[in-house]
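Structure first, commentary second.
The values are calculated or read from the model by the stated rules, or taken from the named source; none is laboratory data. Note that the structure is predicted; figures quoted are calculated from it, not measured. Backbone-built Cβ (ideal geometry, glycine too); neighbour counts: all protein chains shown. In case anyone asks, the SASA skips ligands and DNA or RNA and just uses the protein heavy atoms, side chains included. Shrake-Rupley method; radii C 1.70, N 1.55, O 1.52, S 1.80 Å.
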Amino acid sequence: MTSPDGVDDDKRATLRRFAALGAASPLVGRADAAAADTGESDARDAIAGYLSTTPGAHFSKIRDDLRLGTGETQHHLRRLEDIGAIERYRDGDYKRFVTAGRFDDFEKRALGYLRRETPRGMLIELLLNSETTAGDLAVALDVSAPTVSKYAGELEEAGLLSRDDGYAVERPETVLVLVVRHADSFGDRAQALARDADQFLTYEG
């Protein structure tokens, strides 16, 4: 259904839902001010809000999840970058986006791989059980052994995995916090991990 101003009602509802999520960020207020005179604040705030819950999303996912046009998405991402609200970074063939100043380089790399189904599954399985082998991963994820080996090499090269003595996640608590904090955007397995996260975290007194 389309409203009198020509905007699809479902799209409007999606934009407003994510705009509400982003309203808590002080940077979104800067996006509001920049867009107020053009009537674009809903879309811009929605992108900022979306990235606060789905950091590391690539361009096409942002566009499709928010039901925006390609040019519209490019325009708003560029404006949000211009005012320092978001950052973009290159991840292979992808351009990924995060809230500005929130993640270090390791976390950005981790988010990029957590946005890929098989590497995310590998990291989650290893967080759940540090004794998990390559064979265990292949069975758990229903992929071939060469697929596990391929992604293990990529994760090692990215500094996210050690293969010195079996497989071990580098900076596991950092990766775990990313998974738990944004579990809703990572799927059912991540959400299950988040529910039991306390037993995996250690704290210094």
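Within the range 74-107, the set of residues being of a type in the set (Lys, Arg) and open to solvent by 30 Å² or more (accessible area, probe 1.4 Å) comprises ARG78, ARG79, ARG88, ARG90, LYS95, ARG102. If a residue has to be part of a strand (DSSP E or B) and of a type in the set (Ser, Thr, Tyr) to count, how many in the range 97-128 make the cut? So the count comes out to 1. The condition of being without any contact (Cβ under 8 Å) to a residue 60 or more places away in the chain and farther than 19 Å from THR174 by Cα holds for VAL139.
Restricting attention to the range 128-153, which residues are acidic (Asp, Glu) and surrounded by 15 or more Cβ atoms within 10 Å (Cβ to Cβ)? ASP136 - this is the single residue of the range 128-153 that is acidic (Asp, Glu) and surrounded by 15 or more Cβ atoms within 10 Å (Cβ to Cβ). You will find that of THR118, THR147, THR70, THR133, the residue that is out of contact with any helix residue (DSSP H, G or I) (no Cβ under 7 Å at 6 or more places or on another chain), among the β-branched types (Val, Ile, Thr) and at pLDDT 95 or above is THR133 and no other. For the range 81-96, the criterion of being at pLDDT 95 or above, closer than 28 Å to VAL180 by Cα and assigned to a helix (DSSP H, G or I) is satisfied by at least one residue. Quick one: in the range 144-178, of everything that is in contact (Cβ under 8 Å) with a residue 24 or more places away in the chain and small (Gly, Ala, Ser), which residue is farthest from GLU131 (Cα to Cα)? In this case the residue turns out to be ALA158.
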